[in-house]
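Scroll down for the structure; my scribbles are underneath it.
The values are calculated or read from the model by the stated rules, or taken from the named source; none is laboratory data. Quick caveat, the model's predicted, so the values are computed rather than measured. Cβ placement follows ideal geometry from the backbone for every residue including glycine, while neighbour counts extend to all protein chains displayed. The area values use the complete protein model at the heavy-atom level, side chains included, leaving out ligands, DNA and RNA. Shrake-Rupley method; radii C 1.70, N 1.55, O 1.52, S 1.80 Å.
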Amino acid sequence: MKKIFLTFLGLVLMYSFANAAPDYTAIAKKLVPPNVNIELKQTNDFQISGFKTFIATLKPQNASVTVYKYLWISNDGKYVIPNLLAYTNNSITQIEPKVKESYNTVNIEWFNRVLSTLNPDLKKSFGNGKTEVYILSDPYCPFCKEQLAQAIELAKQNKIKLYVIPFDIHGEKSTQASMLFWDIESKSNLADALAKVEAAPFEAVDKIVSQNQNLIKQLTPKYQAKLHYLKEEFFKQKLNGTPSIIIRKTNTTGIVIVGLTNLANFVK
């Protein structure tokens with residue numbers, strides 16, 4: 001027999017309403033950042049006494065992904081259950097809709113404009129696949145390294161054409177490491193720059209930064225303003241985390257994803 005357990009991944013949200021019917025959508029909006037649109041559709045799935053069950057559709061602005069998840073809000077609007085776990089067959093799983101996410105293409109002309117400001121030696125590619133993948137990466141981002149590991153393997157198999165563009169959100173050391181990344185890429189190739197900086201272990205990144213402070217001082221006038229420009233442009237597009245991924249579909253359209261994804265799903 002399936003046993004259902006409730007789990008709260010944050011504080012239970014409490015609301016008080018005087019006689020008026022709760023605005024469930026307004027309550028749900030409290031759960032997501034301002035740049036994420038959320039819509040609710042009531043469903044009869046996984047009903048809990050005293051609660052309404054909704055399928056929440058979450059659409060980050062300027063991104064291609066749409067995420068679907070269950071959400072339970074009490075009839076009086078005072079309590080929210082953001083996640084429900086099922087215990088069955090001696091294991092615990094999170095209850096999720098059958099379709100958890102979908103993707104659509106968006107206009108990426110803004111990205112073409114940003115790329116046009118970079119010299120060719122700062123946007124080299126790796127791999128000869130038909131699918132162009134751009135990863136906006138920070139050398140001190142652990143999720144970037146996880147994403148890059150998969151991307152590099154796909155590039156080696158010529159299943160994608162990989163580009164890596166610096167997106168420094170972890171402070172000055174990230175900027176310094178990205179200067180070295182660009183220096184290596186411009187003098188050698190993207191694969192070499194990835195191995196030595198972006199995809200390298202954190203200890204290796206620390207070492208190359210500490211051992212090349214004189215070189216970094218020489219590179220600062222050349223690269224610092226460009227790196228700052230990239231960061232500002234990406235923030236303007238609501239790309240508020242790394243890795244951010246752009247998968248080109250046409251010259252002016254693509255799929256934009258913030259966070260880890262399985263790139264194999266997009267390989268032709």
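Rg then Dmax, both in Å and based on the Cα atoms of region 113-220: 13.2, 40.
Probing with 1.4 Å while keeping every protein chain in the model, the per residue accessible area of the chain equals 53 Å².
One decimal place: the segment Gln157-Thr117 gains 11.4 nm when fully extended, by the rule 0.36 nm per residue minus the C-alpha distance. Under the simplified labelling scheme, the Asn62-Lys236 pair shows an inter-label distance of 0.8 nm, with each label point 7 Å from Cα along Cα→Cβ. Heavy-atom surface analysis with a 1.4 Å probe gives region 110-268 a carbon and sulfur content of 51 percent of its accessible area. Of the listed values (1) 1.20; (2) 1.08; (3) 0.99, identify the label whose number matches Cα Rg over 2.2 N^0.38 Å calculated from this model. Matching entry in (1) 1.20; (2) 1.08; (3) 0.99: (1). Peptides 173-183, 248-258, 111-121 ordered by packing proxy, namely the average of other Cβ atoms within 10 Å per residue, highest first: 173-183, 248-258, 111-121.
Suppose every Lys and Arg Cβ carries +1 and every Asp and Glu Cβ carries -1, with no other charges. What dipole size does the chain come out with about its Cα centre, to the nearest 20 debye?
Value, rounded to 20: 460 debye.
Which net charge results for the neighbourhood of Ala63, defined as the other residues with beta-carbon distances under 13 angstrom from its beta-carbon, given Lys and Arg at +1 and Asp and Glu at -1?
+1
With a Förster radius of 22 Å applied to the C-beta separation of Glu146 and Glu101, the computed FRET efficiency comes to 0.75.
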